[in-house]
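To start, the structure under review is shown below, and the notes come after it.
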Ligand SMILES: Nc1ncnc2c1ncn2[C@@H]1O[C@H](COP(=O)(O)OP(=O)(O)O)[C@@H](O)[C@H]1O
Ligand SMILES: [Mg+2]
């Protein structure tokens, strides 16, 4: 059974449909990116997987839970199994790197020991391991507001990993970063995916990173999936369709789009 299964799914706000009747199946361990212009519904779709945006029509199952009928307690338990990373990091800035990462473990710790920040030797080792995975161990005791944007995002990823989630949802995790930090953060997400087998679904603005790091790319336009397949098959026609370009436009001239060499794009959705 898939980790995420959407059937004829529409998501939105009040009665406004943003995601319009999509079908999507994501298996365990995939590293998938959702690309598309601003306003097409990338965040709406991603946050729908966490039941933050509402289902208007259709069905959505995540980790075996039907999000159309899920109750409050079940939802809380489901969200503990899903790590979320935002563009704006969402760290507690006055706390140290160590304590921010440790906060990811809260749902696995008794309340009292969490309140007094009491960690067992095993928990110290575990947090240290996560700091090493994201390469931030040198800054363990630094306050998070002293870190660069790239470092903050790596702490946010370590905190998500500390949650021991089955899925990480990342909403434009590198949009506010310089190219070197962005690459670093993408490599860290890849490490989380490969080392722990966490399924990663990430919205990305940068097509070149989607091509380089992801197993699979979903192209969204007007709330519909217009491409679903491996990055190698994401040709000029698909890119034009996703970004609303006239195909006679020079795709290579758009900074979002590399010159495309693969040539033969199979129209619309190509299931890998
Ligand atoms: N909280 C909200 N309430 C109402 N409309 C919203 C809300 N958030 C986003 N939208 C609308 O949904 C559409 C898709 O937004 P979004 O999913 O954020 O797109 P993207 O992430 O691709 O830029 C936009 O028209 C946006 O204005
Ligand atoms: Mg968005």
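Every number here is computed from the coordinates shown, using simple stated rules; none is lab data. No experiment lies behind these values; they were computed from the predicted model shown. Note that we place each Cβ from the backbone using ideal geometry, even for glycine, and neighbour counts take in every protein chain shown.
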Quiz item: Does the range 44-59 contain any residue that is in a loop (DSSP other than H, G, I, E, B) and more than 16 Å from ligand 1 (Cβ to nearest atom)?
Solution: no
Self-check item: residue 211 vs. criteria in a helix (DSSP H, G or I), touching a residue at least 40 places away in the same chain (Cβ under 8 Å) and under 11 Å from residue 33 (Cβ atoms)
Solution: yes
Quiz item: Residues in the range 33-49: is at least one at negative phi, away from ligand 2 (no atom under 16 Å from the Cβ) and either within 21 Å of the chain's Cα centre (by Cα) or without any contact (Cβ under 8 Å) to a residue 24 or more places away in the chain (or both)?
Solution: no
Quiz item: How about the range 51-75: which of its residues are within 14 Å of ligand 2 (Cβ to nearest atom) and buried (at least 16 other Cβ atoms within 10 Å of the Cβ)?
Solution: 53
Quiz prompt | Flag if residue 9 is out of contact with any helix residue (DSSP H, G or I) (no Cβ under 8 Å at 6 or more places or on another chain) and either away from ligand 2 (no atom under 16 Å from the Cβ) or closer than 26 Å to residue 208 by Cα (or both) | solution = no
Quiz item: Counting only residues that are assigned to a loop (DSSP other than H, G, I, E, B) and in contact with a helix residue (DSSP H, G or I) (Cβ under 7 Å, 6 or more places away or on another chain), which one in the range 71-93 is farthest from residue 29 (Cα to Cα)?
Solution: 93
